[in-house]
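If you scroll down you'll find the structure; I have some questions about it.
The values are calculated or read from the model by the stated rules, or taken from the named source; none is laboratory data. Nothing here was measured: the structure is a model prediction, and the numbers come from that model. Cβ placement follows ideal geometry from the backbone for every residue including glycine, while neighbour counts extend to all protein chains displayed.
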Amino acid sequence: MRILANSSSPIAATAVALLLVAVLGVTALYQATLGFRVVATEEARRLKIREQPLLLPAGPVLAGLRADGRVAIVTFFYSRCITVCSSLGSSYQQLQSAIVARGAARQVRLLSLSFDGRDDSAALSAYAAHQHADSDVWQLAALPAPQQRRDLLDAFGIVVLPAPPGEFQHNAAFHVVDRTGHLRRIFDLEQADAALAYALNLAAAP
Amino acid sequence: MMAAALLLAALGLRPWLEASMATHMLLQLPAIAVAGWLLGKRVGTRLAWCDVQGLSSLAIVMLVSAYWMVPRVLEASVGGALMETAKFASVLLAGMLLQIGLARANRIVQIFFLGNWCAMTAIAGMLYQEQPRQLCNVYTVADQVIAGIGLVSLACAAALAWCVQHHRVLLDIEPDYYSSAAAGPKNSK
C-alpha cells in the first residue's frame, strides 16, 4: 500500500483499499450468517446442531437420558404458562398418542423440562394430570440447581425472557436427543410429525 | 465534550438500551455513530491517499451498518464482551468514517452511497416487520416490529436530511457544478 501511496495514483490505492475492505466485510458477513444461510439466532442454533450434534453437559438430566436408553423428544416449559405451552401440551398429547399407537414407547419418549424455579413436584404432577400424560411415554422434570439449570439451558441454546406478569417467553421447540445424550436435531412446534419420524429413525439405527 | 458524553451514555445505559431491540438499534447504535462523527471532525485526514472521493470510508460504513443489522450478530453483542467491544469500536469508526468520507465525496458519490444505505436500511426494516418469527431470541416479535419501523424511519430521515442540507442545489438556487460548467468544486479534496 505504501508503494501505491508514493506512486502518483490515489485511484489505484483506493481500488486496492476498496478490495481489502470488501474482502474483510464479506468475510465478516459470511461468518456472521454461517455462510449466508441464516440471519436469525434461532435458525443458527438449529443449523449448528444439525451439522454438529452436541453432547449435553454432565448432570442429572444427561444421566437420566442415558439411563433411560430411549431417544427423547425434549421440550422446555413452565407449568403456569397459558400461551404457547398449552398448544405445546396438546401437540405433546398427540405425539404421545402417536407413539402409543405405533407401539414405539420402548424406543421414543417425551420429556418436558421445566425451567421455572417455582415448579415443584406437586406442580409438575398437577400439570401432568391435566395434560393426561402417560408416565411410560411422557415424563416431566424440574431442572435442578440454578447453576445446572443455566448450563443446560445454555447448552440447548434456550433463552428465557421474563414477561410480566409472572410469565416467560422462550424459544420453544422439539429437541431430539439420542440415546447417548447428544442433541441431534431441533424442530418447530408445528413439525411434531417430522420430529417423531426423525426420533423413530434414530431409535431404529443401530 | 459531546462525543464523550454520547459514548458514555451509550456505554453506561447499556442494560437499559439493550433491553429492547428498538432502543438498541435506534438509540444506542446511532449515539455511538454520532460520537464517531463528532470525533471525525477533529481527526486528521492522513489516509486520503487511498480514499478518493471517500469511497473506502463509505464502503466501510456500508459494511459495518450491514453487519450490525444481522439480528444474530446484534444479539451476540448483548452479554458478549468481545462482540460488545467490537460493536462499540466498529460503529464508532463507522461514524467517524461517515463524516470523513462524506467530506471527501462529491454529490454524485454522496447520492450513490446514501441511496444504497437508505435502501438497505429500509429493506432490513421492512423485513424485520414482516418476519412472523423471532429474529433474536432475546427480543420479542413485537419489539422487532418497532425496530423495523424505526429503521425505515431512520432511512427516510437520512435521505430527507441530505435533501435539506443540499436544498440550495436541488432547488436551483445555487448552480450545480456537475450539470454545467458553472462554479468549480468547492468541497475539500
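All but one of (1) surrounded by fewer than 21 Cβ atoms within 10 Å (Cβ to Cβ); (2) without any contact (Cβ under 8 Å) to a residue 12 or more places away in the chain hold for residue B:73; state the number of the condition that does not hold.
Evaluating residue B:73 over (1) surrounded by fewer than 21 Cβ atoms within 10 Å (Cβ to Cβ); (2) without any contact (Cβ under 8 Å) to a residue 12 or more places away in the chain leaves (1) as the failure.
Yes/no per residue for (1) of a type in the set (A, V, I, L, M); (2) under 30 Å from residue B:131 (Cα atoms); (3) outside the structural domain of residue A:176 (by TED's automatic domain parsing):
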position	(1), (2), (3)
A:17	yes, no, yes
A:23	yes, yes, yes
A:45	no, yes, yes
A:54	yes, yes, no
A:59	no, no, no
A:63	yes, no, no
A:67	yes, no, no
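Same structure again: Does residue B:176 fit the bill of being modelled with pLDDT under 95 and at positive phi? Steps first, answer last, please.
Numbers: modelled with pLDDT under 95: yes; at positive phi: no.
When the stated conditions are applied, residue B:176 does not pass them.
Look through the stretch A:102-157, keep the residues that are in contact with a helix residue (DSSP H, G or I) (Cβ under 7 Å, 6 or more places away or on another chain) and on the phi > 0 side of the Ramachandran plot, and return whichever of them is surrounded by the fewest Cβ atoms within 10 Å (Cβ to Cβ).
Once the filter is applied, the top-ranked residue is A:132.
Continuing with the same structure: Sort out which residues of the stretch A:118-176 are of a type in the set (Asp, Glu) and either out of contact with any Phe, Trp or Tyr (no Cβ under 7 Å at 6 or more places or on another chain) or outside the structural domain of residue A:63 (by TED's automatic domain parsing) (or both), and write them in order of number. I'd like the intermediate steps shown before the answer.
Of the stretch A:118-176, the ones of a type in the set (Asp, Glu) are A:119-120, A:134, A:136, A:151, A:154, A:167.
Once the filter is applied, which keeps residues that are of a type in the set (Asp, Glu) and either out of contact with any Phe, Trp or Tyr (no Cβ under 7 Å at 6 or more places or on another chain) or outside the structural domain of residue A:63 (by TED's automatic domain parsing) (or both), the stretch A:118-176 yields A:120, A:134, A:136, A:151, A:154, A:167.
Quick grid of which residues meet (1) facing chain A (nearest Cβ under 10 Å); (2) modelled with pLDDT under 95:
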{"position": "B:71", "(1), (2)": "yes, no"}
{"position": "B:74", "(1), (2)": "yes, no"}
{"position": "B:80", "(1), (2)": "no, yes"}
{"position": "B:103", "(1), (2)": "no, yes"}
{"position": "B:115", "(1), (2)": "no, no"}
{"position": "B:118", "(1), (2)": "no, no"}
{"position": "B:121", "(1), (2)": "no, no"}
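Additional query: With the checklist (1) under 29 Å from residue A:118 (Cβ atoms); (2) in contact with a Leu (Cβ under 8 Å, 6 or more places away or on another chain); (3) not assigned by TED's automatic domain parsing to the domain that holds residue A:177 in hand, flag the one item residue A:40 doesn't pass.
Residue A:40 satisfies every listed condition except (1).
What number of residues in the stretch A:6-36 are assigned to a loop (DSSP other than H, G, I, E, B), under 12 Å from residue B:70 (Cβ atoms) and not hydroxyl-bearing (Ser, Thr, Tyr)?
2
Which of the residues spanning the stretch A:173-186 are assigned to a loop (DSSP other than H, G, I, E, B) and either at pLDDT below 85 or away from chain B (no Cβ under 14 Å) (or both)?
Restricting attention to the stretch A:173-186, the residues satisfying the condition of being assigned to a loop (DSSP other than H, G, I, E, B) are A:173, A:178-181.
Residues satisfying the conditions are A:178, A:179, A:180, A:181.
Determine which member of the set A:95, A:152 is more than 14 Å from chain B (Cβ to nearest Cβ) and either under 15 Å from residue A:73 (Cβ atoms) or basic (Lys, Arg) (or both).
Among A:95, A:152, only A:95 is more than 14 Å from chain B (Cβ to nearest Cβ) and either under 15 Å from residue A:73 (Cβ atoms) or basic (Lys, Arg) (or both).
Next question, about the same structure. Restricting to the stretch A:170-199, name every residue that is among the polar types (S, T, N, Q) and free of Cβ contacts under 8 Å to residues at least 60 places away in the same chain.
Residue satisfying the conditions is A:191 alone.
Name the helices (runs of 4 or more DSSP H) wholly within the stretch B:36-142 that hold at least 2 residues that are basic (Lys, Arg)?
B:81-104
Take the stretch B:4-42 and flag every residue that is in contact (Cβ under 8 Å) with a residue 12 or more places away in the chain and polar (S, T, N, Q).
B:20, B:28
Here's another thing I want to ask about it. Which residue, of B:81, B:158, B:89, is surrounded by 14 or more Cβ atoms within 10 Å (Cβ to Cβ) and either among the small types (Gly, Ala, Ser) or free of Cβ contacts under 8 Å to residues at least 24 places away in the same chain (or both)?
B:158
Separate question: Quick one: count up the residues across the stretch B:43-67 that are touching a residue at least 40 places away in the same chain (Cβ under 8 Å) and either surrounded by fewer than 21 Cβ atoms within 10 Å (Cβ to Cβ) or more than 7 Å from every other protein chain (Cβ to nearest Cβ) (or both).
Final tally of qualifying residues: 11.
Additional query: If you take the residues in the stretch A:173-194 that are closer than 12 Å to residue A:50 by Cα and aliphatic (A, V, I, L, M), which one is nearest to the chain's Cα centre (by Cα)?
Filtering first and then ranking leaves A:186.
Let me ask another. Please verify whether the stretch B:105-112 includes one or more residues that are in contact (Cβ under 8 Å) with a residue 24 or more places away in the chain and among the aromatic types (Phe, Trp, Tyr).
No: zero hits.
What are the residues in the stretch A:69-84 that are modelled with pLDDT under 90 and either β-branched (Val, Ile, Thr) or over 15 Å from the mean Cα position of the chain (by Cα) (or both), if any?
Answer for the stretch A:69-84, where residues must be modelled with pLDDT under 90 and either β-branched (Val, Ile, Thr) or over 15 Å from the mean Cα position of the chain (by Cα) (or both): A:69, A:78, A:79, A:80, A:81, A:82, A:83, A:84.
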